[in-house]
1. Computed from the coordinates I sent, mean projected area of the Cα convex hull in nm² equals one of [x] 15.2; [y] 11.3; [z] 14.3. Tell me the label.
2. Report in % the part of the accessible area of the chain that belongs to carbon and sulfur, leaving out ligands and nucleic acids; probe 1.4 Å.
3. Label-point separation (nm) for residue 140 and residue 21, each offset 7 Å from Cα along Cα-to-Cβ?
4. For the cross-link pairs 114/188; 57/151; 27/68, which exceed 26 Å when the distance is taken from alpha carbon to alpha carbon?
5. Among 17-30, 72-85, how do they line up from the highest to the lowest mean number of other beta-carbon atoms within 10 Å?
6. If you stretched the chain out fully between residue 59 and residue 125, how much longer would it get, using 0.36 nm times the residue separation minus the C-alpha to C-alpha distance?
7. Please figure out what share of the DSSP beta bridges in segment 42-149 is antiparallel and state it in percent, rounded to the nearest 5.
8. Once you have the Cα-Cα distance between residue 203 and residue 74, take 0.36 nm times their residue separation minus that, and quote the gain in nm to one decimal.
Amino acid sequence: MVVLVSGNGSNLQAIIDDISENRINAKITAVIANQETAYGLTRAENAGIPAIYIDHKNFTSREEYDNKLAECIDQYNPNLIVLAGFMRILTPSFVERYLGRMLNIHPSLLPKYKGLHTHQRAIDANDKEHGASVHFVTPELDGGPVVLQSKVPVFEQQDVHELAQRVQQQERQMYPLVIKWFCEDRLKMIDNRAVLDNKILTEEGYAIE
């Protein structure tokens with residue numbers, strides 16, 4: 001698999017750890033970042049994984065950058081592309097190239113709160129629960145079929161940073177699990193639906209309370 005990051009890479013680290021402890025039967029062949037300062041690159045280097053920086057500012061268009069990114073990814077011939085905090089909107093042609101074998105984790109209970117600032121939006125809406133979703137990537141932003149969701153309660157006068165931290169704790173458990181399912185050939189995307197163990201998942205995916 002190839003992992004794309006833009007920042008700290010805590011989900012990347014969780015995946016690296018699960019692979020090293022034989023909980024996931026897979027190999028990360030490369031980590032690619034669009035930010036030179038992304039700590040995910042350091043995590044990759046520390047684990048002996050090729051760490052590649054492709055600066056999006058060197059390209060005149062989103063399409064040109066995505067073409068270069070795809071060219072780099074294809075050198076490793078991965079069966080799975082993992083977006084782990086990759087903070088770029090991908091072009092439809094890029095997504096179609098890897099359709100059914102690209103996963104993302106999003107910090108909300110999709111279809112709620114696509115896009116950014118999800119934790120604050122949940123607090124502002126007085127939601128009783130919040131969480132994260134792992135989903136297949138499709139051309140619609142944060143709109144691909146959900147595989148797995150995990151929920152956390154939103155307490156009264158909740159601090160956004162504390163809420164984000166609790167959601168991130170769930171993310172670090174969820175993402176490796178979904179990747180494990182995919183690598184065991186238990187998880188597929190068929191007709192724009194997530195299918196686990198030959199069963200079509202609901203719109204909210206498989207829920208962990």
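The values are calculated or read from the model by the stated rules, or taken from the named source; none is laboratory data. Since we're looking at a predicted model, the values are computed, not measured. For neighbour counting, all protein chains shown are included, and Cβ atoms are generated from backbone atoms with ideal geometry for every residue, glycine included. Each accessible area value is taken on the protein alone, full model and side chains, heavy atoms only, with ligands, DNA and RNA left out. Shrake-Rupley method; radii C 1.70, N 1.55, O 1.52, S 1.80 Å.
1. Correct label, based on the coordinates given: [y].
2. The nonpolar share, carbon plus sulfur, comes to 46 percent.
3. Using points 7 Å along Cα→Cβ, the separation is 3.6 nm.
4. 57/151
5. Result, highest mean Cβ count within 10 Å first: 72-85, 17-30.
6. Values: separation 66, 0.36 × 66 = 23.76 nm, distance 3.83 nm.
Going from the current span to full extension adds 19.9 nm.
7. Antiparallel: roughly 70 percent of the beta bridges in segment 42-149.
8. Net length gain for the segment: 43.3 nm.
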